[in-house]
């Protein structure tokens, strides 16, 4: 190919490449919009470390608190006011995959505080 060939093709070649690149970028943008990451599942954990599932009374109280605060996680992420309402009642919102670990940490802290409060 000689230099005359490139001179004749270059204007259209650049235009074609720009159009192709723009099309590829647009397609990639549209495809990435289709791929959404879902937010992690969340759970309410008692800040006193007690396990709700082990106590029917706590389970009833938890359901009541969730209803009172309009903090049902099945309806999506709770509002800031719902989180505040639950916090006043002794709950915190955590990722579900970390709930048991954090509950255990709250329980250990509660035991430690109880031991420090006992008279020696």
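Laboratory data are not the source of any read-out in this text; all were calculated from the coordinates shown. Since we're looking at a predicted model, the values are computed, not measured. We place every Cβ from the backbone using ideal geometry, glycine too, and count neighbours over all the protein chains shown.
Being more than 22 Å from residue 59 (Cβ to Cβ) and free of Cβ contacts under 8 Å to residues at least 60 places away in the same chain holds for only one residue in 113, 75, and it is 113. In the set (1) exposed (fewer than 12 other Cβ atoms within 10 Å of the Cβ); (2) in contact (Cβ under 8 Å) with a residue 24 or more places away in the chain; (3) part of a loop (DSSP other than H, G, I, E, B), residue 97 fails one condition alone, (3). Screening residue 104 on (1) farther than 25 Å from residue 38 by Cβ; (2) loosely packed, with under 15 Cβ neighbours inside 10 Å; (3) more than 22 Å from the chain's Cα centre (by Cα) shows it passes everything except condition (3).
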